[in-house]
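Before any comments, here is the structure.
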Amino acid sequence: MNKNKEQLLNKRYKAEQRFRLYGLSAIFMALLFLIIFIFKIFSTGYSAFQKTWLIVPVTFDAELMMLDQNPSKEDLQDADYYDIALKSMADLDPNANEDQENELKRMVSYFFEKEIKNELLNDPNLIGKTKEVYLTASDDLDQVFKGNYPRDLPEDQRRVSDYQLKIFDQLVANGKVESKFNISFFTNADSREAELAGIASSFMGSIFSILVCLMIAFPVAVLAAIYLEEFAPKNRFTDFIEVNINNLAAVPSIVFGLLGLGVLLAIFHLPRSTPLVGGITLSLMTLPTIIIAARASLKAVPPSIREAALAMGASRMQTTMHHTVPLSMPGTLSGTIIGLAQALGETAPLILIGMVAFVNTIPGSPMDPAASLPVQIYIWAESAERGFVEKVSACIMVLLGFLIIMNLFAQIIRHKFEKKWS
Amino acid sequence: MNLILFTFIVLLGFTSYYFGRKKAYTIQSTKKRLTALPQFYGYYLAIWCAIPAFIIFSLWAIFEPTIVKLLILSDYSNQGYLDDELNLLYEKSKALSRGQFTGEITPFIEASAEKYLSLRSIAQSSKVVIVLSAIIASVAYAYKRISSNSRTREPVEKFLNAVLFTASLAAILTTVGIVFSLIFQTIDFFKVIPLFDFVFGTHWYPAKAFVRDSSEALDPTMYSDTFGAVPIFAGTFFIAFIAMCVAIPIGLMSGIYLAEYASTKVRQYAKPLIEILAGIPTVVYGFFAALTVGPFLKELGTSMGLEVSAESALAAGGVMGIMIIPFISSLSDDVITSVPQSLRDGSYAMGATKSETIKRVIFPAALPGIVGSILLGVSRAIGETMIVVMASGLAANLTLNPLESTSTITAQIVVILIGDQAFGDPKTQAAFALGMSLFLVTLCLNIVALRVVKKYREKYE
């Protein structure tokens, strides 16, 4: 009998340990996902911050460029660079036939003509001389150099031919291939060519949308929160507003996209694909988040503050505006930043209002068509070219960097400026 | 132009504030008592400046385009044009006046374009004149009116209260806007496609509904068997189900562990770390699912002799589940922590172990709150878009095999509406009808979940 009891007790203790283990392993699994996730993004993305250059000797032959003697600045602008560019690529292999010359040309980006032109514009004395010029390698060779390209595939399944690989390997052996920090990733707009594509256009699009969102959502949400928390009578109508706000906070984001499409574009005829429309749509989405945060921080201001102000003869409006609202600001601001961080990562509503259009110029105002960082991730992720995979990861790293900074900022505001009432 | 006018009005507002305050000081210097602080006199005048400006600006914004259009189209009124043609003419002349017109320029359109420009400039200058004179008149009137015993604080505060109230209507307006934008398209859609076919049809193939010529009459038979939403609804709930299979056990167990077992130190670090998962943008999850999880599952399946689609429901649902873990863990953590300590103490006093207490006492007590958090998670899974668009298929298969690809409501909305949309086309309207059903389903889930959580909170407060 006694033995039975002991067995039972042991069983119960074992069950206790098992249960505890389940809980612990659940947490470990959640954290494991997070680690795998971040590791995967970083390991595929870090290489996008490097860019491969081919160092090619270019002879600035005045005749081929159709230049006279002593050309002026305008002449240099209008000169024909295509022939010397083509020739310098073809000269990489003196024995190349016509097809092979074409392949040689495709080893660099189609921007190579312009890169050679810039070289000459920087130093007009180069005419008639030969100089080694840095040319952007094509995205496939870029991947080859970074070791991401399956070289052992049969040739007809690769976009890089055996011939190109042979020449490329020679260049590598001669030290004529170099990898440098990829500035153009941050300064270029989107492009169909992976080696030239950058995030500047989508970055500006994101900034403009977030600014529009902030300018609309913040004032409206703070005013609404002040009304609901400080002035609203307790009746059915205010209850209805509350239910509305709570529901809006949980409506799927794509529905806001349909709202933007059906109302802002179809009825108000605002310009499609612009950060203006994107910002308005996002502001409707962020509104409930900010209202809820602002109300919570207004609620946290102790009643004694209000009572003291009222006792000194301040009106209710003065009490609110001079005392309650300033004291609640740190909480409101950190809630706003968190809401904006959510809006910054939002993709689906922006796709619906047309911010997926291919934009290869950097927008200068909220009225210009643009993409945004998350949409850029989507666009690149859908593109088949191998070179875009690392770009997507790099873009994700930039986006996550911004989100982390914003959240840290929100934390700092909360901890530094919020008064603790006890 | 409008910007200059706007800046000017703002400046006028500041000036009137200054004058109002100055008048208050003058009154004060004659040893009379003021009824409010001097700045309220300033605010009072500034409001008298802002209100007429706002009213006139909005009237102009509403009526100017209509009146200009009427005036321009009056030229064509007795030439037997149809309404659509008249609209087209108007749009053409507008485009021409902006220099964006690319079609053939006829003298008629050119004349209207010129007329449009002149009308616009007349409207613009008359607006400036009217706004400025109205502001000056109203400020002058108010300036005259304020004296030592006039009330200024009360009207200013009433005005502020009205502004605050209007701002609080924004939430209602947004809801109205959502319903408004969805309902008309949805009604139009159901005029062509019978509701029965939409709800019970099993073939979803919107690509078949090519863009038709708008002059042709609608032929409903053309769209029969095209917009049956059953595969989509099934796919949506199926993927949400897979997501919840991942999220509920992990989320719930980590919530329980954090609330009952973890030391303050572990809790302090583990909780925010898990919540990072909720802060990652969904497009990033989508990329992860499409690039890593999908191919991984496919390889795993092939090595086991199974046929796995690269865009399987399992990949999308699984990654979505990871995304939902923090929602469930945080909410259930909160719910469990708010169960009163007396219940635990009572159970321990009876000799129950910790896990027995959790399973037999705390879990049943916290169940309504946990159900609420799960419902919120389901609503999120149903409304999630980017993961499905990127990682799951775009063709609507009616299947219950998690290794095949399926599609969801949200993915179909994106597929239909990406690129240019033709309003009035059944295909576009179908997206809005899907949006409507999504909105309704998530609305019901949210209302039920919020109510359950609220009831539960009240019980222990």
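Here, each number is a calculation from the coordinates, and none is a lab measurement. Computed from a predicted model, the values in this text were never measured in an experiment. Here Cβ is always computed from backbone atoms with ideal geometry, including for glycine, and neighbour counts include all displayed protein chains.
Data for the structure
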item: Difference of contour (0.36 nm per residue) and Cα-Cα distance, B:SER121 to B:ASN87; result: 10.1 nm
item: C-alpha long axis of helix A:236-248 to longest principal axis of chain A, angle in °; result: 30 degrees
item: Residue among A:PHE111, A:PHE231, A:PHE218 with the largest mean-square fluctuation in a Gaussian network model of chain A, springs linking Cα atoms under 10 Å; result: A:PHE231
item: Rounded, prolate or oblate (a/c below 1.5 giving rounded, otherwise prolate when a/b exceeds b/c) for the protein assembly as shown by Cα gyration tensor; result: oblate
item: Likely footprinting exposure, A:LYS391, A:LYS5, A:LYS146, fewest C-beta neighbours within 10 Å first; result: A:LYS5, A:LYS146, A:LYS391
item: For chain B, size of Cβ-based charge dipole, Lys and Arg +1, Asp and Glu -1, in debye; result: 3240 debye
item: Relative contact order %, chain B, counting alpha carbon pairs below 8 Å whose residues are six or more apart; result: 16 percent
item: Number of partner chain Cβ atoms within 10 Å, mean per residue of B:440-449; result: 2
item: Over the protein assembly as shown: helical MRE at 222 nm, DSSP H runs n ≥ 4 each giving -39500 (n - 2.57), nearest 500; result: -22000 deg cm²/dmol
item: FRET efficiency estimate (nearest 0.05) - Cβ-Cβ, B:GLU307 to A:ASP61, R0 60 angstrom; result: 0.50
item: Tilt relative to chain B, helix B:363-383 - C-alpha long axis, 0 to 90 degrees, to 10; result: 60 degrees
item: Whole-Å distance, taken between Cα centres, linking region A:332-406 and region A:152-225; result: 12 Å
item: Per-residue Cβ neighbour rank within 10 angstrom, fewest leading, A:GLU132, A:GLU6; result: A:GLU6, A:GLU132
item: Degrees separating the helix B:153-168 axis from the principal Cα axis of chain B, which is the longest one; result: 40 degrees
item: Residue mean of other protein chain beta carbons inside 10 Å, B:423-429; result: 1
item: Pairwise FRET efficiency - A:ASP68 versus B:GLU104, Cβ, R0 = 41 Å, nearest 0.05; result: 0.40
item: Ranked packing of A:248-260, A:161-173, most packed first, by mean Cβ within 10 Å; result: A:248-260, A:161-173
item: Other protein chain Cβ atoms within 10 Å, averaged over every residue that makes up A:317-329; result: 1
item: Spin-label model distance (nm) - B:TYR460 vs B:PHE184, 7 Å beyond Cα toward Cβ; result: 4.8 nm
item: FRET efficiency for B:PHE63 and A:PHE358, using Cβ-Cβ distance with R0 set to 30 Å, rounded to 0.05; result: 0.20
